[in-house]
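Following: one structure in C-alpha cells, then a few remarks.
The values are calculated or read from the model by the stated rules, or taken from the named source; none is laboratory data. Keep in mind that this is a model prediction, so the values were computed, not measured. Here the Cβ is made from the backbone with ideal geometry for all residues, glycine too, and neighbour counts use every protein chain on show.
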Amino acid sequence: MLNNSVKPKAIQYNLEALRGACAFFVVIYHVVLHNQYVDPAYFPQWMKFFNISGHFCVLIFFVLSGYVIGISNPGKLTGNKIVPYLKKRFIRIYPIYFICLTVALLFAIPYPAGVILHNYTMLQGAASPVIWENNPIWSLNYEIVYYLTFIPLSYFGVRPAAALCGALVFGLAAYLLHPAINAPILSAYGYGFAFWAIGWCMAAYLKPSAQAPRFQQMLGGIFLLLSQPVIVVFYYPFKLLSKLLHNPLHFGDKVYWAETMVTLDDFAMLPYCIWLVALFSGLALRYYKAFTAVLFAAPAISIALLFKNQGGAANFMQQLWPVLCYVISLLLYFGPQQWFARGSNWLINRGIKLGAISYGLYVIHFPLMVIFSKTSILSGSVFTFTLRLTLYITACLAAAYVLEKRIQPRVGGWLRQWMLPAPEAPGKSSV
C-alpha cells in the first residue's frame, strides 16, 4: 500500500535536458518524414539519412510523465487531493493545447463538427480521428488517460509495480480479444501505460545515486538515443515470439493509426528508456555498470549484423548517421572527462532551457510545418530549403517560447486564481 504521509521528492532539473532533446528530435523526425512540408518543391536526399526515431522519443515522454507524477504525488491521492490534482494537470496541459489546436484548424481541411469537438475535448484517436494538421496530439489523449488512471490506482493504494503488471496484462488481453472486443486502442493504452508506470515505479522505488552523473555522460546518452535505428537486437525476441505463435502481435494497417501507436515490440526500447531517465535524474540502478554495458554492446551487435545481412557497405551507408551517433556516444560516455567536458556542459545547459519550452514545441511544431507547406514563395532549391528550414526551426522555438514563457504564465496564473483555492492563513480553518 502507498504511504499517505510521504513528502514529494525533489525533481532533477537535468531531466529537462532529456525532455528538450526528445522534443527537438520529434521536430526533426517530422521534417524528414513529411519531406514535402518545409519546402514543398525540394527536399535534399541526404537528409533522409537523419532517421531519428520520433516514436522512441514519445515512449521516453511517457516514462518521464509517470516519473514526474510519481515524484509529485508519492503518497495516496486522497479525496481532498484529487480535484486539485486534476486542476493542476488541466492548467498545465490545456491552454497551450487549445491554442495550438486552434492554429492547426485555421489551416486545416474541413472537418465535421463532431471531430473538432472530440479533438478539443482531448478524445482524439479514441472517439474521432486526430486532426491531421496537428497529428502529434495523439499522445496527449494517451497522457490524459494515464493521468486519470493514476487517480483510482493511487487512491486505493495500488503499488506501482502491480499497476505495471496490470497494464501489460490489460494490453495483451485487449489485443488477443480483438475483434470480439473491437477496441484496438485499449491495447495501445495498456502498453503505453506500462511505460508510464515504469516511470512511476522509478519514482517510488529508486533512490538517488551516490555519484552524480557528468554532463558528458548525459550527452553520451542523448547520442545513444539517436543511434536507436540500428539497435535491432532487442527486437529479436519479439520477432521470435511472433513466429512461434504464428501471430504478428500487433494490429495490421486496417486499424486506424492512432489506435495502434504503442505495440508489444515497443518494449524492446524500454531498457533504454529506463536507463536514460535514471541517468538524467541521478537515480541509482541495481547492477548499473552491467546494465550500461549491455545497452552499449547491443548497437555494436546490431551494426555487425546489419553489415553482414543487408548487402554490406551499400546499405550500411544508409545507416551512417545512427552508427556515427553510436560511436560518438561511446566516446562521450566512456572517454576521459577532460575531452568534452566544456562542450557537454554547454549543450546540456542549452538542453535544459529547451526542456522548459518542450511541451509548447511539441504541440506547435506540426501546425507551423503545415503553414510552411502552404507557402510556395522561395521554394525549389538547396538554398530555399536551407533558408526555409532555418526559418521553420526559428519559428518553432520562438512560438514555443511565447506559449510557455508569455502566454502560459498569464493564462495559468488567471486559471489558478479561479480554480485553485488560496492556502489558508496560519491559525485559521474553514468550517
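Taking the criterion of being closer than 10 Å to Pro40 by Cα and in contact with a Pro (Cβ under 8 Å, 6 or more places away or on another chain), the residues of the range 376-410 that qualify are Ser376, Ser379, Phe385.
Would you check if Gly66 is buried (at least 21 other Cβ atoms within 10 Å of the Cβ), farther than 16 Å from Met261 by Cβ and in contact (Cβ under 8 Å) with a residue 60 or more places away in the chain?
Against the criterion (buried (at least 21 other Cβ atoms within 10 Å of the Cβ), farther than 16 Å from Met261 by Cβ and in contact (Cβ under 8 Å) with a residue 60 or more places away in the chain), Gly66 qualifies.
Tell me the residue from Tyr191, Tyr175 that is touching a Phe, Trp or Tyr at 6+ places or on another chain (Cβ under 9 Å), part of a helix (DSSP H, G or I), of a type in the set (Ser, Thr, Tyr) and within 30 Å of Tyr333 (Cβ to Cβ), please. Show your work before the answer.
Numbers: Tyr175 fails: within 30 Å of Tyr333 (Cβ to Cβ).
From the options Tyr191, Tyr175, the qualifying one is Tyr191.
For the range 298-314, the criterion of a residue being part of a helix (DSSP H, G or I), at pLDDT 90 or above and either of a type outside the set (A, V, I, L, M) or within 28 Å of Phe193 (Cα to Cα) (or both) is satisfied by at least one position. Applying a threshold of 7 Å to beta carbon distances and a minimum spacing of six or more residues, or different chains, the list of pairs starting in the range 21-41 at a residue that is free of Cβ contacts under 8 Å to residues at least 24 places away in the same chain and ending at one that is of a type in the set (A, V, I, L, M, F, W, C) reads Val32/Met47; Val32/Phe50; Asn35/Phe43. Only one entry in Ile96, Ile137 is touching a strand residue (DSSP E or B) at 6+ places or on another chain (Cβ under 7 Å), in contact (Cβ under 8 Å) with a residue 24 or more places away in the chain and within 15 Å of Pro367 (Cα to Cα), namely Ile137.
Condition check for Gly114 on (1) part of a helix (DSSP H, G or I); (2) out of contact with any strand residue (DSSP E or B) (no Cβ under 7 Å at 6 or more places or on another chain): one failure, at (2).
Report whether or not Val370 is aliphatic (A, V, I, L, M), within 18 Å of Pro95 (Cβ to Cβ) and touching a helix residue (DSSP H, G or I) at 6+ places or on another chain (Cβ under 7 Å). Before you say what the answer is, go through the steps one by one.
Details: aliphatic (A, V, I, L, M): yes; within 18 Å of Pro95 (Cβ to Cβ): no; touching a helix residue (DSSP H, G or I) at 6+ places or on another chain (Cβ under 7 Å): yes.
No, not satisfied.
Applying the set (1) assigned to a helix (DSSP H, G or I); (2) more than 24 Å from Ser379 (Cβ to Cβ); (3) touching a helix residue (DSSP H, G or I) at 6+ places or on another chain (Cβ under 7 Å) to His30 leaves exactly one unmet item: (2). Determine, yes or no, whether Gly343 is surrounded by 13 or more Cβ atoms within 10 Å (Cβ to Cβ), out of contact with any helix residue (DSSP H, G or I) (no Cβ under 6 Å at 6 or more places or on another chain) and either in a helix (DSSP H, G or I) or at pLDDT below 95 (or both). Here the answer is yes, as Gly343 does meet what is asked.
Out of Leu77, Leu105, Leu86, one residue alone is farther than 24 Å from Leu368 by Cβ and part of a helix (DSSP H, G or I). It is Leu86.
Exactly one residue among Ile151, Ile131, Ile181, Ile116 is β-branched (Val, Ile, Thr), closer than 28 Å to Val402 by Cα, surrounded by fewer than 19 Cβ atoms within 10 Å (Cβ to Cβ) and more than 18 Å from the chain's Cα centre (by Cα), and that residue is Ile116.
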